[in-house]
Amino acid sequence: MNAPANGGPGPEGGAEELADLRAEHDRLAERVAARRSIDEVRKGSYLVFFGAVTTGLTVKFAWDRWGFGPRHVPPKLKFPVLVVLALAATLVLGTLAAVAFARARRLMRVEDRDFAQLKGVREKLGIGT
């Protein structure tokens, strides 16, 4: 009568099988305790923010160099150094953000798989959700 309603091993099941399920449960619970994908999303979000800032800098430097207005000062240098540096920083930050979001998505898939396995093990053990 101590067996769970879903037909899991319960206390009457094999002690070795129960110990194996409990060890797997503990291992999966430890893996899903911290969501590493959230940290990657956070890093990607920071990179997107700083990428937006450097995009604004790129536009501002380009406007200062080639824009028009009442007090336009001709550039002192022939090569647009600030525009190129700001554009390079924008591209690097955008690439790093894309990599961080791709890594977060990959980690989310692994975490979802681990959560599904944990749920199955919990049902076999008769542990409530």
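The table below gives the values:
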| item | result |
| --- | --- |
| Members of region 11-50 found to be in contact (Cβ under 8 Å) with a residue 40 or more places away in the chain, part of a helix (DSSP H, G or I) and among the basic types (K, R), listed by number | R22, R31, R36, K43 |
| Any hit, region 100-109, residues being in contact (Cβ under 8 Å) with a residue 24 or more places away in the chain, closer than 30 Å to L18 by Cα and in a helix (DSSP H, G or I) | yes |
| Within region 42-58, tally of residues that are surrounded by 15 or more Cβ atoms within 10 Å (Cβ to Cβ) and either over 14 Å from L91 (Cβ atoms) or in contact with an Asp or Glu (Cβ under 6 Å, 6 or more places away or on another chain) (or both) | 2 |
| Region 73-93: number of residues that are surrounded by 17 or more Cβ atoms within 10 Å (Cβ to Cβ) and modelled with pLDDT of 95 or more | 5 |
| One residue from D39, D112 being within 30 Å of E16 (Cα to Cα), surrounded by fewer than 16 Cβ atoms within 10 Å (Cβ to Cβ) and under 17 Å from the mean Cα position of the chain (by Cα) | D112 |
| Only listed residue being surrounded by fewer than 13 Cβ atoms within 10 Å (Cβ to Cβ), under 23 Å from K119 (Cβ atoms) and at pLDDT below 80, chosen from G67, G14 | G14 |
| Qualifying residue in region 70-77 (condition: among the hydrophobic types (A, V, I, L, M, F, W, C) and outside any loop (DSSP other than H, G, I, E, B)) | no |
| Search result, residues across region 19-64 that are hydroxyl-bearing (S, T, Y) and under 30 Å from V121 (Cβ atoms) | S37 |
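The values are calculated or read from the model by the stated rules, or taken from the named source; none is laboratory data. Owing to the predicted nature of the structure, the values given are computational and were not obtained by experimental measurement. Cβ sites come from the backbone with ideal geometry, for glycine too, and all protein chains shown count toward neighbours.
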